[in-house]
Amino acid sequence: MDDLDKPAPVVRRRHHMPFGAELTAAGTVCFRLWAPAAQRVELALYAAEGPELIAMERQPGGWYQLECPAARVGSRYRFRIDGELEVPDPASRFNPEGVHGPSEVIDPLAFEWDDGDWRAPPWHENALYELHVGAFNAPGTFEAVAARLGYLARLGVTAIELMPVNAFPGQRNWGYDGVLQYAPQNSYGRPEELKALIAAAHRHGLAVILDVVYNHFGPEGNYLHRYAPQFFNERYHTPWGAAINFDGPDSTPVREFFVHNALYWLEEYHFDGLRLDAIHAVYDSSEPHIISEIARAARSGPGRNRNIYLTLENYDNAARFLGDEGGPWTCDAQWNDDAHHALHVLLSGETHEHYADYTAEPAALLCRALEQGFIYQGQASRFRGGPRGDSSAHLPLSAFINFLQNHDQIGNRVHAERLTTLVRDAAALRALSALLLLAPSPPLLFMGEEWGATEPFPWFCDYEPELLAKVREHREREAPGARDPAAPQTFAAAQLDWDAARQGEHARVLLDHRRLLTVRRRDIVPLLPQLHGERCSHKGPGRAFVVSWGTRDKNLHLIANLGKEPAPLPHRPSGRLIFATHPGIRSIIAKRELPPWCVLWLLEQVRER
């Protein structure tokens, strides 16, 4: 038999956790719960005739433990606190009836992986694609996402980034209201179906990144306050209430809970990386910071044998969490809101709220972002009312993920419009797509952006009625005119129309994106390991500029006019043209004038320096 015809070797994966429900070598199930505020805890083991209550042994440090011969794979269970409240396992591997229902004992070794030879590419080679499982492809399941993997591979992206998939209340949610950190959302599918999606992505050559939320729990279905209030630290407050306790008394089990969660997704589910949401709301004055501790655990654990991606959202622009690709205590990259805001102002002309910080010479500010990463590196922010950010010029270009759209930048708008609705100038959108997808920093697309999808992406949720009434009242006060987040049609409006991708202007935009990603893979990616020496030239008040990056023997040049009016050519092009938004490059050079919304990319061969 030829080696190519041999079936892939079967791999089984499991992350050993010091809590939750763990199968033992003896065939029993060991249950462990940290409940320091409980006087007694019982295991409620469910059977057809009802729950069997079994006392758990109290151990030092607020732990309760029980090794139970009656439990087996598929058993459903809860923990009963002080004889009065039954709660799901906070480390549940699956809650088939939702976040209020019983947890299920899962055997992680039952799934047979066929991707033992898979290795994700180096971080800097990536082009990312963010998607929401529920809205990406009907019927909104892990299996439905898997059905579109061939399309994504042909598009030319290298990694898909899933918005959070851990269990949240109800059937519809962005995912940032999750309350069971280890359990995949039941409306998306079972654990084995999420694993099958990841294995299929790897067969298509796609890495998979998971968005995780370590700054708060959702407002419904979180029972930790009752039996483990030490999970929270009232000394710090976030937009969602008291902060998670990473540095106060009894914080060690809390830190372990989240470190193990990161390792669990990377090891047991074979995710290639994590995106850590809103770490500016992760408060930790101890050393190492919990983000650094997670990075260290990931690099020294699964990262010993494969590329592990760690990326951040951090409004504070704190450079301390970033470093060289794969650094032992740091993350690889941060979503670069600065670059987005400058790009958005150039496209839309909007000046409200945070965009006010980017209205003065947005082209020059964009130059700074392309050259150094952050725009705000300690300067005063009018919107924030004080200085913001750290110096970032020392960081590699791969440390900044740039984008024109993502779930936040669409969904946090009152009407949740995409750029294709907000900006009607197709030439402007094409120019900024060419800038985004060929610039050295890793680009990110939001689902449907590649064909100019027009579906909004409003915030949606499915809370219990009393909480929902409060949410609606707050929403009507803070965002009058916004869609009702709980209405089924709000979620339906966000679901992509895949038929549109084959029609008219949408099909042309999709072809453009495929071409740009092909150029990126062919001409840009090979340069990235040696690219350095960024230089930005922006002259006068206009929106034309040049950015150049170099290797030992090549220069990459971006020449752009991101305005509605023609502009003088700021630099005589030199080198091989690898992409142009406009035909007739020779006439452009001869006229020494750039048309509106014009982007040129050139690769120049130079003598070795």
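The values are calculated or read from the model by the stated rules, or taken from the named source; none is laboratory data. Being a predicted model, the structure only gives us computed values, none of them experimental. Note: ideal-geometry Cβ built from the backbone for every residue, glycine included; neighbour counts use all protein chains shown.
List every residue pair whose Cβ atoms sit under 8 Å apart, with the two residues 6 or more apart in sequence or on different chains, where the first one lies in the stretch 331-358 and is within 20 Å of Phe321 (Cα to Cα) and not assigned by TED's automatic domain parsing to the domain that holds Ser392 and the second, anywhere, is among the aliphatic types (A, V, I, L, M) and surrounded by fewer than 22 Cβ atoms within 10 Å (Cβ to Cβ).
Partner pairs satisfying both residue conditions: none exist.
When the stretch 472-508 is examined, which residues are found to be out of contact with any Ser or Thr (no Cβ under 8 Å at 6 or more places or on another chain), in contact (Cβ under 8 Å) with a residue 12 or more places away in the chain and either outside the structural domain of Pro458 (by TED's automatic domain parsing) or part of a helix (DSSP H, G or I) (or both)?
Arg472, Pro488, Thr490, Phe491, Ala493, Ala494, Trp498, Ala501, Glu505, His506, Ala507
Taking the stretch 572-594 on its own, how many of its residues are buried (at least 17 other Cβ atoms within 10 Å of the Cβ) and within 22 Å of Leu511 (Cβ to Cβ)?
Total satisfying the criteria: 5.
Looking at the stretch 396-405, which of the residues that are touching a helix residue (DSSP H, G or I) at 6+ places or on another chain (Cβ under 8 Å) and not in a helix (DSSP H, G or I) is surrounded by the most Cβ atoms within 10 Å (Cβ to Cβ)?
Only one residue fits best here, namely Asn402.
Yes or no, residue by residue, for (1) more than 17 Å from Pro191 (Cβ to Cβ); (2) modelled with pLDDT under 95; (3) surrounded by fewer than 23 Cβ atoms within 10 Å (Cβ to Cβ):
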residue: Pro60; (1), (2), (3): yes, no, yes
residue: Arg72; (1), (2), (3): no, no, yes
residue: Asp82; (1), (2), (3): yes, no, yes
residue: Ala91; (1), (2), (3): no, no, no
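Name the residues in the stretch 133-147 that are in contact (Cβ under 8 Å) with a residue 24 or more places away in the chain, in a loop (DSSP other than H, G, I, E, B) and out of contact with any Leu (no Cβ under 8 Å at 6 or more places or on another chain), would you?
Within the stretch 133-147, Ala138, Gly140, Thr141 meet the criteria.
Mind listing whichever residues of the stretch 91-129 are outside any loop (DSSP other than H, G, I, E, B) and of a type in the set (Gly, Ala, Ser)?
Passing the criteria: Ser103, Ala110.
Give all pairs with beta carbons closer than 9 Å in which a residue from the stretch 564-591 that is in contact (Cβ under 8 Å) with a residue 24 or more places away in the chain and β-branched (Val, Ile, Thr) meets a residue that is surrounded by 15 or more Cβ atoms within 10 Å (Cβ to Cβ) and in a loop (DSSP other than H, G, I, E, B); count only pairs at least 6 apart in sequence or on separate chains.
Thr581/Pro595; Thr581/Trp597
Anything in the stretch 58-78 that is assigned to a strand (DSSP E or B), within 35 Å of the chain's Cα centre (by Cα) and within 13 Å of Val105 (Cα to Cα)? List them, or say none.
Correct list: Arg76, Tyr77, Arg78.
Could you check Arg12 against (1) in contact with a helix residue (DSSP H, G or I) (Cβ under 8 Å, 6 or more places away or on another chain); (2) under 17 Å from Asp89 (Cα atoms); (3) surrounded by fewer than 14 Cβ atoms within 10 Å (Cβ to Cβ) and say which number it fails?
(2)
Confirm whether Trp118 is in contact (Cβ under 8 Å) with a residue 60 or more places away in the chain, in contact with a Lys or Arg (Cβ under 7 Å, 6 or more places away or on another chain) and under 23 Å from His202 (Cβ atoms).
Answer is no for this residue.
Looking only at the stretch 82-95, which residues are touching a strand residue (DSSP E or B) at 6+ places or on another chain (Cβ under 6 Å) and over 20 Å from Asn261 (Cβ atoms)?
Across the stretch 82-95, the qualifying residue is only Glu86.
Please list, ordered by first then second residue, the pairs with beta carbon atoms under 6 Å, 6 or more apart or interchain, first in the stretch 408-420 and assigned to a helix (DSSP H, G or I), second hydrophobic (A, V, I, L, M, F, W, C).
Qualifying pairs under 6 Å: Ile410/Ala416; Ile410/Phe457; Gly411/Phe457; Gly411/Trp459.
Filter the stretch 209-246 down to residues that are assigned to a strand (DSSP E or B), small (Gly, Ala, Ser) and touching a residue at least 12 places away in the same chain (Cβ under 8 Å) and give me whichever is surrounded by the fewest Cβ atoms within 10 Å (Cβ to Cβ).
Top of the filtered list is Gly241.
Just to be sure before I move on: is Leu510 in contact with a Phe, Trp or Tyr (Cβ under 9 Å, 6 or more places away or on another chain) and more than 19 Å from Ala426 (Cα to Cα) in the structure I sent?
So Leu510 fails the test.
Can you give me the number of residues within the stretch 94-109 that are charged (D, E, K, R) and buried (at least 23 other Cβ atoms within 10 Å of the Cβ)?
1
Tally the residues that are at positive phi and without any contact (Cβ under 8 Å) to a residue 24 or more places away in the chain, restricting the search to the stretch 368-385.
2
So how many residues does the stretch 16-57 have that are part of a loop (DSSP other than H, G, I, E, B) and without any contact (Cβ under 8 Å) to a residue 60 or more places away in the chain?
Adding up the residues that qualify gives 11.
Just checking, does the stretch 189-204 include any residue being of a type outside the set (Lys, Arg), assigned to a strand (DSSP E or B), in contact with a helix residue (DSSP H, G or I) (Cβ under 8 Å, 6 or more places away or on another chain) and buried (at least 20 other Cβ atoms within 10 Å of the Cβ)?
No, the stretch 189-204 contains no residue that is of a type outside the set (Lys, Arg), assigned to a strand (DSSP E or B), in contact with a helix residue (DSSP H, G or I) (Cβ under 8 Å, 6 or more places away or on another chain) and buried (at least 20 other Cβ atoms within 10 Å of the Cβ).
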